[in-house]
Amino acid sequence: MQDNAIRRYFHNIWMTVYTILIGMRTSAKYCFAKTVTVQYPDVAPTVQQRFRGFHFYEIEKCIACDQCAKACPVDCIYIDKTGPRKLDKETGLAQGGAMTRYAIDYAKCMFCGLCCDPCPTGCIHMGNVHDMSGYTRQDMIVEFTELAKQGLQTPQPLWMHKDRLPEWAQKRKQEWLQYAYSDDKLTGDNELRREKMLKALEPSGPVKKKKTSEDALTGPAEKQS
Ligand code: SF4
Ligand code: SF4
């Protein structure tokens, strides 16, 4: 009886030491493993090509058709316009009513990307910005129409508003601005993309009708008679 008690006593001691060793084995393995901590934001994070970050939105091509908002499973896209908008096939730009609001509530967004697929003009994309902070829930609503006034297509994290930034962040900011202040290769004209973005915030004339072969043959005078 006493032997059993002594055996159980030492067995418990052994089990305690053994289970601690099992736990420490995992810890010890990581002690000698290569460090993988990325010193963000001093060092740029590596995001994969198919990463779905905060959206990248090209307001100049948006026809405010609501397809993205309808596809969104959590109803976090808000769109307002003053009138119908249509894509002018000649210029590749949307015309018609003004875009008065295009906003996404990132407190609700789950970055599923379902809003991008149905877009008929391909103007909403999942971007590569992965962080955004704010002090209130309201701060989580990104007004893309306001960003367009600054020539931006994607929200900037708060810390990126600082003057002193790591080199990679400065480069990225520069790239965003270069995009806005560059000629639009799509239309081949010399107008800066930023100006086109601003135009989307104002109502414009009706979309020019493309000339049909019938127009070319008959001419406008003959058509009236
Ligand atoms: S990523 Fe998903 S949740 Fe976010 S706005 Fe698009 S459809 Fe909605
Ligand atoms: S982003 Fe695309 S789908 Fe959404 S309203 Fe604009 S054109 Fe329509």
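Values in this text are rule-based calculations from the coordinates and carry no lab data. The structure presented is a predicted model; accordingly, all values stated were derived computationally and were not measured. Note: ideal-geometry Cβ built from the backbone for every residue, glycine included; neighbour counts use all protein chains shown.
Annotation: extensible slack from residue 39 through residue 204 equals 54.7 nm (criterion: 0.36 nm per residue apart, minus Cα-Cα distance). Over all projection directions, the Cα-based convex hull of region 78-128 averages an area of 4.4 nm². Each principal axis of the Cα cloud of the chain was evaluated for its coordinate range; sorted largest first, these ranges are 121, 41, 35 Å. Of the trypsin sites (Lys or Arg not before Pro) found in region 1-102, the ones in coil according to DSSP and having at most 16 other Cβ atoms within 10 Å of their Cβ are 34, 50, 89. Summing charges over all other residues whose Cβ lies under 11 Å from the Cβ of residue 158, with Lys and Arg as +1 and Asp and Glu as -1, gives -1. Positive contributions from Lys and Arg (+1) and negative ones from Asp and Glu (-1), summed over other residues with Cβ under 11 Å from the Cβ of residue 144, come out at -1. Converting the Cα gyration tensor eigenvalues of region 51-146 into ellipsoid dimensions via √(5λ) gives semi-axes, longest first, of 23, 14, 12 Å. Between 83, 100, 39, the Cα set farthest toward the positive side of the dipole of region 1-100 (charges on each charged residue's Cβ, about the Cα centre) is that of 39.
Label separation (residue 135 vs residue 8): 6.3 nm, computed from points 7 Å beyond Cα along the C-beta direction.
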